[in-house]
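Structure, as structure tokens:
The values are calculated or read from the model by the stated rules, or taken from the named source; none is laboratory data. What you see is a predicted model, and the numbers here were worked out from it, not measured in a lab. Methodologically, a virtual Cβ is constructed for each residue, glycine included, from the backbone with ideal geometry; neighbour enumeration extends over all protein chains shown. SASA here: full protein model, heavy atoms, side chains in, ligands and nucleic acids out. Shrake-Rupley method; radii C 1.70, N 1.55, O 1.52, S 1.80 Å.
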Amino acid sequence: MESKKLFKRILLGILAAPFLVDILLIWRSPITFGDDWQGFFGDYIGSIIGGLTAFAIVYYQMEKQKQLDEENDLQANRSYINAEEFIAPIDLIDIKHKEFSKIMVTKFYKEFKEINEGIKRNIPYYRINHSGLPDTILDCKLIFDLSEYIIEETKHKSQIVNELIVATTPIDEKVKVPYKIETHIGVFEKGIDIFIPLVKTSFEVHIEKFQMEYTTLKNERIRYIADIKNKKESHLLIKENELPECLFEFELKASDWTYPNSKIKSS
């Protein structure tokens, strides 16, 4: 901010100098009397103006280069989120994963495990990791907007009966119940996966939107949004008292694939 003020003052001085010289040359004084003194004074002021102009140009170029270097440094130290749905057994039993990867144990997941104790079954997760130059991101806030499709008549029936009824009932006969999963990660290291179980009860769960805010090592706040409903994925730069700046955005396109030598299948 101070450098901009200095540059503006120099520019203002350069623009005002010719008018000041013209005013001084109107009066006859010991300084301005005679053609020689007037010529010397004009050359002297002209040299000052030329020097200030050269200084202003060099200074401006240095400031622009400094700003460009800072922007490049910020971009190089940004991390970007990768998120995808992942189907696997409860607690990832018999599933190979990266060392030190974590499962976020939400209250819904605790309740779900109690209901399904001793039952072997696959459930949906959201698997999250980050890529980029830095090894860590900080202060990560995760929010999942989900909806659960239920049938009121099944709430007193057994677990297996509930699932069969819900799975075979047309969508327009089910009740859509929205809910959220919110969790926090203080330090998120690169090279590990975070698994978020997308479960609530034994009923049918759909993810509407996932967003995650985090801070880079350069103290930038970034928001990742996977808008499943509108099929959009984006990374936004969050600035105080300003509208979010879109770093990039693209359409989400579904694909069907599987893991080599694995019994699980992606959705």
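Structure notes:
- Hits in region 54-73 - residues which are in contact with a Leu (Cβ under 9 Å, 6 or more places away or on another chain) and either in a loop (DSSP other than H, G, I, E, B) or not small (Gly, Ala, Ser) (or both): Tyr59
- Residue in region 106-126 that is farthest from Lys218 (Cα to Cα), counting only those that are out of contact with any helix residue (DSSP H, G or I) (no Cβ under 9 Å at 6 or more places or on another chain) and surrounded by fewer than 18 Cβ atoms within 10 Å (Cβ to Cβ): Gly118
- Test: Leu237 is part of a strand (DSSP E or B), modelled with pLDDT of 90 or more and not aromatic (Phe, Trp, Tyr): yes
- Single match in His130, His97 (criterion: more than 21 Å from the chain's Cα centre (by Cα), surrounded by 14 or more Cβ atoms within 10 Å (Cβ to Cβ) and farther than 18 Å from Ile207 by Cβ): His97
- From the list Ile45, Ile95, Ile90, the lone residue that is farther than 30 Å from Asn219 by Cα, hydrophobic (A, V, I, L, M, F, W, C) and at pLDDT below 75 is Ile45.
- Of the candidates Asn116, Asn219, Asn162, Asn129, the single residue that is closer than 28 Å to Phe100 by Cα, out of contact with any Lys or Arg (no Cβ under 6 Å at 6 or more places or on another chain) and modelled with pLDDT under 90 is Asn116.
- For region 54-81, a tally of residues being open to solvent by less than 90 Å² (accessible area, probe 1.4 Å) and either in contact with a Pro (Cβ under 6 Å, 6 or more places away or on another chain) or hydroxyl-bearing (Ser, Thr, Tyr) (or both) returns 4.
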